[in-house]
Structure formats: C-alpha cells, structure tokens
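Below is one structure, written out as structure tokens; comments come after it.
The values are calculated or read from the model by the stated rules, or taken from the named source; none is laboratory data. The structure displayed is predicted, hence computed values, not measured ones. Every residue, glycine among them, receives a Cβ derived from its backbone with ideal geometry; neighbour counts consider all protein chains shown.
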Amino acid sequence: MTVLATADPVQELDLHRVNINDPFLGQYQRLVRDVVIPYQWDALNDRLEDTEPSHAIENFRIAAGQQQGEFYGMIFQDSDVAKWLEAVAGSLCQRPDPELEQRADEVIALIAAAQCEDGYLNTYFTVKAPQERWTNLAECHELYCAGHMIEAGVAWFCATGKRNLLDVVCRLADHIDDVFGPAEHQLHGYPGHPEIELALMRLYEVTRNPRYMALVNYFISERGKQPHYYDAEYEKRGRTAYWPTHGPAWMVKDKAYSQAHLPLALQQSAIGHAVRFVYLLSGAAHLARLNHDAELHKTCRRLWDDMVNRQMYITGGIGAQSSGEAFTSEYDLPNDTVYAESCASIGLMMFANRMLQLEGDARYADAMERALYNTVLGGMALDGRHFFYVNPLEVHPRSIPFNHIYDHVKPVRQRWFGCACCPPNIARILTSLGHYIYTRREDALYVNLYVGNTTQLPDGLTLSISGNYPWHGEVTIAVKTAQPVQQTLALRLPEWCEDPVVLLNGKPCAGEVKRGYFHISRLWSDGDSVTINLPMPVRRVYGNPLLRHIAGKVAIQRGPLVYCAEEADNGSALHNLWLDPRAEFRVIEGAGVLKGSLLLQTPVQRISSENARNAPLYRYDMPGMPDAAPQKLTLIPWFCWANRGEGEMRIWLNEIR
C-alpha cells in the first residue's frame, strides 16, 4: 500500500519527562549509570583482563584512518558501540553527566570520521572487504548494524538535542534508501537479521522524512517473495558463505531461520531465530500503526499470539533451542537445554510496547512485565559486571562439562563475550524504561508498569507513581496540576492478580474495565490520588497439558516474579524435592547479596540419595515416596540466581499428587 506521512495520535513520552525514582528499578538505573556504562566502555576498549577482546572502538579508529590494523571481532561488532551510546543517551535523560556526554561526543566524532563519502558506515566492510558491500544480506548484518546505529542517533538527538549522530545516521539511511528499492538499478533485498525496520520507523518519527517509512514498507513487503533474493545473491557471489559452520550457506538455505521462507502476511507461527523474529515484528507493528495497515496489524497479532500462547517460557524467555538460537515447535519448552537469549526478551518487550500502542490491551503489558522482571533483569548480575547470554530454567552444573547438549549453558554469569550483543542491550533497555511505563493513546493514558516515577505530561498533569513494587502490591498515583485537566487514566490490572482494588482519594472508585485496564475518566484536580491495591499471594503455576517437560510439576510466582530453588539454600539433587500442594509459604527477608529481596519458604519432602551409589540403578515395585524426609525449602526470585556461586537451580518443582 502507499505510504503516507500522517499525524500520529500515539506519542511516546520523552525520557526527559519521566524521572524514575523507583526503589527497585531505580537501583538498576543507578547501577547502569555508575557501573555498567563505565564497565562496558572498558570492555569496548579492551581494558578488561581475562576476557575475549572486543576491539570495537579500535575498529572504528582503523576505519577512520586514525591508526593501522586489521578488523577484529564479529561481523556485527559495530552494534556494541551503538547500543552503548544508546544506553548513555538514556542515562543522560535521568541525570546529566558532562564528562560522560563529552566521551560520547568523542565516540560520535570517531563514527563520523569512519563514515564513507556516500554515507555507508560499517567498519568490517570498510576495513576488510570494501568490494563486498551489500553482497551477502542473508549472513553479514550490514543492515542490522545500520539499524542499531540509527537507533543510537535518534536516542542521542532526543536526549541532548544534538544532531551530530543524527546527521550521520540520516546520511546512512539515505544511502540505504538509494541502494535498496523496486527500481531496476536498486537491490531488491532485505536484511537477514531484521533491525533496520524498527530503527527506520524511529528515525521517521523524529524526522518525518517519508523516505524512511517507505523503505520499511519495502523491506517488509519484499521479504519472502519468490524468486528468493538470498538465492540470487548466493549464486551471484559464486556460492560462497560467510558462516559455513553448519554446512555451506545454511543461513541462505534455511529461510525460516530469518523469517524469510514466506511473505510475512502468510506466516502463521513464531519461527526461526528468536531475536530476529521479535525485531522484525517490532518494526512491522510500528509500521502498521503509522501506515494504518490493518492487514499488517492482523499479521502482527497472529504471530504474537502464537509466540506467547505456545512458545514463551514462564520467565518471558523465547527461543527454546541453541541451534539457531531459535523457536522450535509449539509447546516444546525444555527447561535445561533452553536458549532464551537475553536479547530475545528485550526484543519481546519492544514488540509488546508497539502492540500496546496499536491496541491498548493489557495482555501485551503482562508479557512485557514478565520478560522485564525475570529474564531481562536475570541477564545481568547484581554487581553489574557479569552477564548471561542464555537464561536456563534449570541447571545441573556437574553435567555441563560432559554433555554437549549443554555447551551453550553457563552455570554462572560471564564477564564478557566474544559475541557481546546482550550486555549493552540490557544496559540500553534499563536506561530507556521510561518508554515502557506509559502508553499515550487517543482514548487514555495507559499505565503499563508500576515503576516509581514522576512524569510531566504535555497537558499539564504531573503524575507521581510510588510504592515498593514488585515486592508489595500497593501503588499510589499522585496528581499535581495548576488547573483541572480532563483525562482518562487506564491502569493495568495484572493477569497474576485476582482481586485488585482501586481507590480514588481514599474511596472506592468508579471505572470501566476494558482489555485488562481500569479506565478512570474525570476532571483531575491538584492533590487527587489513586491507590491500586494488587494483592500478591504466593501462587502455584501449572503448565498446559501439552507442555511435556513440566508434566506433574509446579512453579511458584509472587506478583510478577517467578521463583526458583538454588543449591545454595537447599542442597544438591533438587530433583528429589517434592512440594505438598496444601503447604503454605512464608515470606522472609533476604540477606547478604539478596538483601532487599523477598524470599519464600515452605516444607517439602526430600527423597534421600545418601546411599544411592550403593543401590541398583533401577528398582521394581516401589510404592509411594521411598526414604522421604521433611525439609525446609527456600525459594529466591529467579532473576537473582547465580549471584552466590555455582550450583544447581530449577524453577519447575515436583509436586505430590
């Protein structure tokens, strides 16, 4: 369909307007500002000892002609720098830091110096293979790197008002628009790793240049058409492959891996590389909204439903297998061999946020909250210096060195990675949380996440959310305004909460529940306040009968937090612990590194394994639970696991039936 630049009734709140002071997530933002950003700067400059070098900053220096050397690192290494800049931009919106801003400006000047005269920007191809530009879209991440740099340029402009990086990425986007398109002289391709789509939509919102939205429309419409572009470029370059690890040109041949097996409109299920899937759908949902494309919106909803209802873990993780970092089939969610890349849950949050802008339906915010408070937070240690790429729901460390199906699983977080896409991605999502708390739509201001903050709205209202979420469920929204303002507030009623109560100025509040939000329409006056009570009993969670990996098991959740058992509290052989379905849980305060967290305790039965080495491997006709003894079980929030050394961990526990 024809792309038209039209007025947008849905506006994302400027991060400057949202001052996060949450006692929980505010700590994470401070951790990112004080620890993570400097630590990752050291990583990008190869100053960390005993870690794989990054070389990312040095690659830009070489591309800019400021020093001699060879490109080093992954072909997408540039994106680590872009994500670091985006994290810096978000952090500066929370608290000015002239020294950090100057450092970022120096990096931006370096990036500008590395940009080619025609606008092209990619250090791998500039330094190592200038004649191979745009010859291998299926494998080589040029458009992915461009997308991350464009996102950084938009974030930097919005944070500082400076156009230094925005001008660079506009030149880059203009170059890409010259290279790709339907004309005979253009390339008729699209990215193997989606990212450029969501980035160009953000650039369009800032610049209102219709070229950028039209290019997104082209990339999404062209994807999966026959004859297949990846096959054509493969033949044109002499059947060579960049990633031959899994066989010649496996990325080219496995079209579903990059969601290019069919046109998007014909795809029925979440498939392929999980990060690519949610990045692609984030861009598609953004385009559907601004381009008023009802069919594309319908496609996004269909693929969302398949992902969340059949292929998402209780932790908000997606991507069940290490092979291809990909989805498998519906209801196939193993716990110990799971991949669930941190970046995939971040992409899920981005997709959810754009679906919220389209529909204002709480189911998207529910999934967004699940991913944030579990997998995204769990991807980084409490010290801000160690990270998970893979997020398992069950770990048995003694098996990992000997069983190669666990080669991707780490029992403790790592200081850095040769492929380090996740650490800077976690940093940028945490500094940009202000984009996710609220959704401004024509009908209401939607409160999606109960994160403590003070926000100044364009209509003159100032809202202050306070409480101690996610540990306690009472949240207050205080209103300040110089004069009365007519506004509808839509408060999310979380799917995990059975009996929410909403009070207005201390009294029961009239309102309408629509799509999981409690809508309050009124003329707001200075001093008004809304209290939302969200009871947080400990809840047992059971899987769909088609989830074979958790048959007969139970998971424990309190509020938005999924809990797990760790060896540090409960000893080894966690598979021998059995929960009584009638047992009650006690909420206790954490200590040490877990200080400030709420833990859970309950009695369980443990099957003894003390003399197991002397027993037969199998036994006949053993009724009941042999050699069972009572034990106290301690559960911790899953995002906290592996902060106390290496040990067993599991979320899904046996339950006596």
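Every condition in (1) part of a helix (DSSP H, G or I); (2) among the acidic types (Asp, Glu); (3) closer than 18 Å to GLN414 by Cα is met by ASP34 except one, and the failing one is (3).
Any residue at all in the stretch 414-430 that is part of a loop (DSSP other than H, G, I, E, B), at pLDDT 95 or above and buried (at least 17 other Cβ atoms within 10 Å of the Cβ)? No: the stretch 414-430 contains no residue that is part of a loop (DSSP other than H, G, I, E, B), at pLDDT 95 or above and buried (at least 17 other Cβ atoms within 10 Å of the Cβ). Among the residues of the stretch 384-405, those that are touching a residue at least 24 places away in the same chain (Cβ under 8 Å) and either in a helix (DSSP H, G or I) or under 20 Å from the mean Cα position of the chain (by Cα) (or both) comprise GLY384, ARG385, HIS386, PHE387, PHE388, TYR389, VAL390, ASN391, PRO392, LEU393, ILE405. Within the stretch 140-160, track down each residue that is more than 21 Å from MET213 (Cβ to Cβ) and surrounded by fewer than 22 Cβ atoms within 10 Å (Cβ to Cβ). Of everything in the stretch 140-160, just one residue is more than 21 Å from MET213 (Cβ to Cβ) and surrounded by fewer than 22 Cβ atoms within 10 Å (Cβ to Cβ), namely THR160. Taking the stretch 431-474 as the range and being crowded, with 19+ Cβ neighbours inside 10 Å, more than 25 Å from LYS83 (Cα to Cα) and aliphatic (A, V, I, L, M) as the test, the residues that pass are ALA444, LEU445, VAL447, LEU461, LEU463, ILE465. Sub-7 Å Cβ pairs linking a first residue in the stretch 476-495 that is under 17 Å from ALA444 (Cα atoms) to a second residue that is modelled with pLDDT under 95 and small (Gly, Ala, Ser), at least 6 apart or interchain, are VAL485/GLY460, ordered by first then second residue. Only one entry in LEU356, LEU333 is buried (at least 20 other Cβ atoms within 10 Å of the Cβ), modelled with pLDDT of 95 or more, part of a loop (DSSP other than H, G, I, E, B) and not aromatic (Phe, Trp, Tyr), namely LEU333.
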